[in-house]
Amino acid sequence: MTRQVILNFIIVLTFVTCKNAQNLKWIKSPDGLVEYALQKKGNVHEAGKVVVRAYGIMKAGKIIQDPSLLISEWDSLSQIVSLTEALKRSDFPVGTEGYCKFNFSKWLDSIKRQIFQITLFLRPTFNEKDSSTQIARLESFQMFDSAIFISSERAKKEWAESGGEDFREFLDNSVLPISIELRLREQFVNKQSIDSIVQILNNDLNYEQVRISPNYNEVFSSPELKKQVVFKFVVF
C-alpha cells in the first residue's frame, strides 16, 4: 500500500526537464544496443562495479526525467542486465558517471526467439508412444525451430528440482500433464504470426491447452519499445 501511495505521488511529478542532451557526445557500442555519454570521467584505473538505474526518456533532443521509473519494474528487467554488461565491456574507470540509452527494439529482435516459448499440454488420453510422430509433425511446420516432448516423469523431475522436500513428496502422489515445448523461428516472432499460430494450435484436438510465455501481447504493445529510455550509470 505504501509503495502504491509513493508511486502515485511520484507520477504527479513525472517529466521534469533535467539535461539538454544536445551538449552530450553520444557514443554507440559495437553491437548497436547501447549509446552512452559521459558526464564525469573517472580517474582510478581499475575494474569497477557498474550500477544502472532508469532515469527518463529522450524527447526533442533533451533528457526528460521521469521519477516514476526509479521505483518501477525497470530495475528487475533483463534489459538492465544486458545494459550493465555492455557498459562493463566498455571498461570505464572508477568514478565515471554518465547517461546511456538502450535500443529496446533491437534488443527484442536479438533475443525474441529465445524468450518466447509455446507449451502444448496434451490430452490425458494421449499415448506417449506416439510422441515421436507428434514431434516430427510439428517440426515439419516451417514456423517451429524446435519441438521437445516433456513426459510426465520428466515434468515431475524438473518441478521437483525447483522445490523443497515437501514439494517432492507432493509430486510423488501427483500426475503432471505431458506437454510439448515449441520455439518459433525468428521470422515468425511477431504478433500477427503468433496470433495465427496460437489459433491453429487451439483448433488441434490433440492439445488440451496452448500456453505462450511471456505474454506476447504485452511485450509487443509495450510503450517502452517506442520510447527512447535514458538511464544513469555510475562506476564505483
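The values are calculated or read from the model by the stated rules, or taken from the named source; none is laboratory data. None of these values were measured; they are calculated from a predicted model. Heads up, the Cβs are rebuilt from the backbone with ideal geometry, glycines too, and the neighbour counts pull from every protein chain shown.
Would a scan of the range 82-97 turn up a residue that is β-branched (Val, Ile, Thr), in contact with a helix residue (DSSP H, G or I) (Cβ under 8 Å, 6 or more places away or on another chain), modelled with pLDDT of 65 or more and not in a loop (DSSP other than H, G, I, E, B)? The answer is no; no qualifying residue exists.
Among what's in the range 26-76 and is basic (Lys, Arg) and out of contact with any strand residue (DSSP E or B) (no Cβ under 6 Å at 6 or more places or on another chain), pick the residue that is modelled with the lowest pLDDT.
If we filter the range 26-76 for residues that are basic (Lys, Arg), which is where we start, we get 28, 40-41, 49, 53, 59, 62.
Imposing the further condition that a residue be out of contact with any strand residue (DSSP E or B) (no Cβ under 6 Å at 6 or more places or on another chain) reduces the set to 41, 49, 59.
Working: 41: 87, 49: 85, 59: 80.
Applying the filter and picking the extreme gives 59.
So in the range 46-66, with the set limited to residues that are outside any strand (DSSP E or B) and not hydrophobic (A, V, I, L, M, F, W, C), which one is nearest to residue 36 (Cα to Cα)? Spell out the reasoning first.
Initially, the range 46-66 is screened for residues outside any strand (DSSP E or B), giving 46-49, 60-61, 66.
Next, from what is left, pick out any that are not hydrophobic (A, V, I, L, M, F, W, C): 46, 48-49, 61, 66.
Details: 46: 20, 48: 17, 49: 17, 61: 15, 66: 18 Å.
Out of the qualifying residues, it is 61.
Against the definition (modelled with pLDDT of 90 or more, assigned to a loop (DSSP other than H, G, I, E, B) and farther than 30 Å from residue 43 by Cβ), how does residue 134 come out, yes or no? Here the answer is no, as residue 134 does not meet what is asked.
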